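**Q** Below are the structure tokens for one structure; questions will follow.
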Amino acid sequence: DVVVVGARAGGAATALLLARLGHDVVLVDRAVFPADTLSTHQIARTGVVALDRWGLLDAVLASGAPAIRQVTFTAGGESVTRAIKLKSGVDFLVAPRRYILDSLLAEAAAREGADVRLGVTVAGVCLDDAGRTVGVYGHDRAGASLEIAARFVIGADGLGSRVARAVSAEVIEDQGDQSAAQYAYFADLPWPAIELIAADRALAGVFPTHHGQACIWV
């Protein structure tokens, strides 16, 4: 029924939900998990609530991602700390590393019946005589050509989506590239809270993650 291109958080979650509804789903990604990706990864409450509803939040916590129960905001030289209030059944946030979160979601999709194929690179989409997308083509990790037919194709393959380019998807909004971001991981310090620091033309943040580390980004 559906082929989902991109098996990280967005694509794996989509495949998981479609498979639960009884659809025949193939989920592909060029990476072989566990594999990291260039991404910050603090999850907002809506995402944590979704993980809870899908039955995956306990697995995220069991993987070593700390439950973060407070947030500190700093601006104008003043700091304010607030506890995460209970809402929609959740009273904490999480910031799991992507190579762990993506693997958990892809494995959950597979348990629900999705056919998960890693190491598959999609080169383009297949079109019928009317120009409608009816599948994808590419190659596996050994370089062998493959084609997957499907009634629907979902492109969850990131910022430079090959699927989006292949179907000439319209750009709805483009805010340009007038900023930059850097981040790194630091350990051996207490990280009790998510921190957000606003300054003139700058924003920085800290969020605790796996292995006693925190991701600090600017």
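The values are calculated or read from the model by the stated rules, or taken from the named source; none is laboratory data. Note that this is a predicted model, so its numbers are computed, not measured. Glycine gets a Cβ as well: all are built from the backbone with ideal geometry, and neighbour counts include every protein chain shown. Quick note on the areas: whole protein, heavy atoms, side chains included, nothing else; ligands and nucleic acids left out. Shrake-Rupley method; radii C 1.70, N 1.55, O 1.52, S 1.80 Å.
**Q** To test your reading of the geometry: what angle, between 0 and 90 degrees and rounded to tens, separates the Cα axis of helix 98-111 from the longest principal axis of the chain?
**A** Tilt of helix 98-111: around 50 degrees.
**Q** Based on the mean of other beta carbon atoms within 10 Å per residue, what is the order of 129-140, 179-190, 23-34, most packed first?
**A** The peptides rank, most packed first, as 23-34, 129-140, 179-190.
**Q** Let me check I've understood the local charge: for A169, count other residues with C-beta under 15 angstrom from its C-beta, Lys and Arg +1, Asp and Glu -1. What total comes out? Display every interim value, and only then the final one.
**A** Working: positive: R132, R162, R165; negative: D157, E170, E173, D174.
Taking every other residue near A169 into account, the sum is -1.
**Q** Taking only Cα atoms, what is the 0 to 90° angle, nearest 10, from helix 9-20's long axis to the longest principal axis of the chain?
**A** Approximately 60 degrees, to the nearest ten.
**Q** Okay, next question. Mind giving me the nanometre distance, one decimal, between the label points for L203 and F186, set 7 Å out from Cα along Cα→Cβ?
**A** 2.0 nm
**Q** Kindly write out, for segment 45-57 in residue order, the coupling ³J(HN,Hα) from the Karplus curve 6.51 cos²θ - 1.76 cosθ + 1.60 (θ = phi - 60°), rounded to whole Hz, with x marking Gly and Pro.
**A** Once rounded to whole Hz, the list reads 4, 4, x, 5, 4, 4, 4, 5, 5, 7, x, 10, 5.
**Q** Run the quick spin-label model on A123 and T46: label points 7 Å from Cα toward the beta carbon, then report their separation in nm to one decimal.
**A** 3.8 nm
**Q** While we're on this one: Find the centroid of the Cα atoms in segment 18-48 and in segment 65-86, then give the distance between the two in whole Å.
**A** Spelled out, the Cα-based centre of one part sits 27 Å from the other.
**Q** Given a 1.4 angstrom probe, I'd like the percentage of the accessible area of the chain that is carbon and sulfur, rounded to a whole number. Before the final figure, lay out the partial values.
**A** Working: 6590 of 12540 Å².
Of all accessible area on the chain, carbon and sulfur atoms account for 53 percent.
**Q** Same structure, new question: Once the Cα gyration tensor of the chain is found, what semi-axes does its equivalent ellipsoid get, as square roots of 5 times the eigenvalues, in whole Å, sorted largest first?
**A** Result for the chain: semi-axes of 35, 21, 16 Å.
**Q** About the Cα centre of the chain, how large is the charge dipole given +1 on each Lys and Arg Cβ and -1 on each Asp and Glu Cβ? Please answer in debye to the nearest 20.
**A** My answer is approximately 420 debye.
**Q** Give me Rg/Rg_expected for segment 76-129, where Rg uses Cα atoms only and Rg_expected = 2.2 N^0.38 Å with N residues.
**A** Cα Rg divided by the expected 2.2 N^0.38 Å: 2.01.
**Q** Here's something else I'd like to know. Given a 1.4 angstrom probe, what's the average accessible area per residue across segment 113-177, in square angstrom?
**A** 68 Å²
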